[in-house]
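The values are calculated or read from the model by the stated rules, or taken from the named source; none is laboratory data. Being a predicted model, the structure only gives us computed values, none of them experimental. Cβ coordinates were reconstructed from backbone atoms using ideal geometry, including for glycine residues, and neighbour counts include every protein chain displayed.
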Amino acid sequence: MRKIQGVASSRGIAIGPVFQFRRAELKIETCQNQDPAREWKRFEQALETARGQLTQVYEKAQKETDQAQAEIFQFHLMMTEDADLLDRVKKMLEERRTNVEPIYMEVSEGYAKELAAMDNEYFAARSADVLDVANRVERILMGVAESPTAGLKVPSLIVADDLTPSDTILLDKTLVLGFLTAQGSTTSHAAILARGLGLAAVGGAGNEVLWLPDGSTILLDGGTGTVIVDPDEATITAYKRRAEQVEQLRGEAQKHAHEPAVTLDGFKPEVSSNIGDVAGAKKAVSYGAEGVGLLRTEFLYMDRPSMPTEEEQYQAYKAILEEFGHMPVVLRTLDIGGDKELSYLKMDPEMNPFLGVRALRLCFKHPEIFKAQLRAALRASVGHNLKIMFPMVATLSEVREAKKWVNICRDELKAEGKPFAEDIEVGIMVEIPAAAVCADMLAREVDFFSIGTNDLSQYTMAADRGNPGVAHLSDAFQPSVLRLIRDVINASHKYGKWTGMCGELAGEPLAAPLLIGLGLDEFSMSPPMVPVIKALIRTLDSNEMKKLAEEALDKETVEEVRELVRKRVPAAAALEG
């Protein structure tokens, strides 16, 4: 029995035999003196076939996951129509007069390398998408029917170097227990889809997993990223018992999902959800969310050929707000850049886009985009409890500039006779250490804070959370990060404001006792975790948790912090995984 440490990608515990997922290698040959017109026609026919396949895959993904995850395949469809890529292929066909297969692959690989060279995780994932589409089209051109899971006969754990979205969604889910990949991270498309499908997944485990024999037994803990090879019976029994216990506790929590989360001594934080579209809104309501702590608005901008109009945004925001009635909905303004790009918006290449012109900085550079979104949000707010939140804030001057644009939009709408809510709260995300350090200054200027622990952790620790080599550092349980969280909450309370949290930490059972102790006013998380965190909060005493939090802040390591909570709050420990 031995352990392999990877990156926790999708919660859950899975035990079973290994199935090594290996794709057939395409052998692309070059044939000289071909007719460019004939090759181009072949290529167009292959693209059309690929579009038909991708449409079917997209529809399958919609049924099995949710809209946000299914839209990965919308990007794949767009790649079959990418004008720049297709122009490169056509030009090279005319110049070289060879068959289209080697040319298309060369162009696709070059395109993928351009994305990967941008040195950030999101573009790397898009790079993999480009190659996924290219391999699909090449198989069609060559008449190759790939079936890498032909030998999959019994429920197994799928082990691979990496898995493309197409690989993941087309697998027979009745035979898939979980995913283990040598590459990948928490934000790879395979991980996103695994979470949507409710399957355990561990990524970034290294090449040694590719040598695990087919049929050998492994155990995946998707909550910790731990892989146990050839676990003994005692280990298997312990993990199975834990998985059953977690499932039972979560089932019980769902029965009380729509009841408020009040601690034993009467403290009632708000438990909300992070969503990205109407489907997510419906799901959040069904899980008992008391509002939205983070409405990701990028869904309106991504994977489309042009900027959404003010009217499109107004209708989309209104539809989401109607799902929540008068419950609070925090709308985050456009967070593009860093790990997201728009094909129709010219964005200059940056050495480190995560520290570049992204989010609010990008909106200031393109005020026409910012204004259209703010106007749409203000209009949609009528009759609802909408709050506006700005991401990537580092300075007080940025807050004042953002608020200036809100006032400009208010004045315009008033002059046009268009209704809007007058008393919308305006807040910021605290995800840059500078904002946390200066929270007392910023609290005088805003109505609320929402802590984005994912970015706050990686910026504080100077560690990319998607890099397996340093992922252990980018952990919100780090004492330094917890201290920043404490300071932000205290600063907001000093000025009568509230602080929420929309990062991954808000949905971590082991973190809930600490956050209650620190006085967090609002938790926001993925919909399925809402009833779980609510149930856990009902078992806590906020005064006792305050003492626990103070003790945790004096610990020296992440492990010490986690172990302290496990010992003192068994109910939280029972929900791990």
Margin query: Take the residues in the range 362-400 that are among the charged types (D, E, K, R) and crowded, with 17+ Cβ neighbours inside 10 Å; name whichever of them is nearest to LEU295 (Cα to Cα).
Written below: LYS387
Check: Across the range 1-26, which residue is farthest from GLU138 (Cα to Cα) among those that are of a type outside the set (Lys, Arg) and in a loop (DSSP other than H, G, I, E, B)?
Finding: MET1
Next item on the list: Give the residue, chosen from LEU515, LEU505, that is modelled with pLDDT under 95, in a helix (DSSP H, G or I) and hydrophobic (A, V, I, L, M, F, W, C).
Entry: LEU505
Next item on the list: Collect the residues in the range 27-49 that are in a helix (DSSP H, G or I) and in contact (Cβ under 8 Å) with a residue 40 or more places away in the chain, keeping them in residue-number order.
Entry: PRO36, GLU39, TRP40, ARG42, PHE43, ALA46, LEU47, THR49
Margin query: What pairs come out if I take residues in the range 226-246 that are under 19 Å from VAL159 (Cα atoms) and pair them with residues that are surrounded by 14 or more Cβ atoms within 10 Å (Cβ to Cβ) and of a type in the set (Asp, Glu) whose C-beta lies under 8 Å away, six or more apart or interchain?
Written below: VAL227/ASP221; ILE228/ASP221
Note to self: For the range 372-401, which positions are more than 14 Å from ARG332 (Cα to Cα) and among the charged types (D, E, K, R)?
What the structure shows: ARG379, GLU398, ARG400, GLU401
Margin query: Suppose we filter the range 356-402 for residues that are outside any helix (DSSP H, G or I) and within 21 Å of the chain's Cα centre (by Cα); how many remain?
Written below: 10
Notebook entry, point to check: Of the residues SER127, SER108, which is within 30 Å of THR30 (Cα to Cα), in contact with a helix residue (DSSP H, G or I) (Cβ under 7 Å, 6 or more places away or on another chain), assigned to a helix (DSSP H, G or I) and modelled with pLDDT under 80?
Noted result: SER127
Notebook entry, point to check: Which of the residues spanning the range 1-38 are over 20 Å from LYS240 (Cα atoms) and basic (Lys, Arg)?
Noted result: ARG22, ARG23, LYS27, ARG38
Check: When the residues of the range 138-157 are filtered to those that are under 28 Å from the mean Cα position of the chain (by Cα) and at pLDDT 80 or above, which remaining residue is surrounded by the fewest Cβ atoms within 10 Å (Cβ to Cβ)?
Finding: PRO155
Notebook entry, point to check: Mind checking which residues of the range 534-557 are within 29 Å of the chain's Cα centre (by Cα) and without any contact (Cβ under 8 Å) to a residue 24 or more places away in the chain?
Noted result: none
Item checked: Of the criteria (1) assigned to a helix (DSSP H, G or I); (2) under 29 Å from LEU518 (Cβ atoms); (3) of a type in the set (Asp, Glu), which one GLU247 fails -> (2)
Notebook entry, point to check: When the range 490-522 is examined, which residues are found to be within 18 Å of ASN454 (Cβ to Cβ) and in contact with a Ser or Thr (Cβ under 7 Å, 6 or more places away or on another chain)?
Noted result: THR499, GLY500, MET501, CYS502, GLY503, GLU504, LEU505, ALA506, GLY507, LEU520, GLU522
Item checked: For ALA281: the one exception among (1) part of a helix (DSSP H, G or I); (2) surrounded by 22 or more Cβ atoms within 10 Å (Cβ to Cβ); (3) not assigned by TED's automatic domain parsing to the domain that holds VAL532 -> (3)
Notebook entry, point to check: Mind checking which residues of the range 202-230 are assigned to a strand (DSSP E or B) and at pLDDT below 90?
Noted result: GLY203
Checklist line | Test for GLY198: is it more than 25 Å from TYR58 (Cβ to Cβ) and modelled with pLDDT under 80 | finding: no
Next item on the list: For residues that are over 19 Å from GLU425 (Cα atoms) and among the small types (Gly, Ala, Ser), tally how many sit in the range 350-404.
Entry: 3
Margin query: For the range 287-309, which positions are more than 20 Å from the chain's Cα centre (by Cα), surrounded by 15 or more Cβ atoms within 10 Å (Cβ to Cβ) and of a type outside the set (A, V, I, L, M)?
Written below: GLY288, GLU290, PRO308
Check: Does ASP464 satisfy the criteria of being assigned to a loop (DSSP other than H, G, I, E, B) and in contact with a helix residue (DSSP H, G or I) (Cβ under 8 Å, 6 or more places away or on another chain)?
Finding: yes
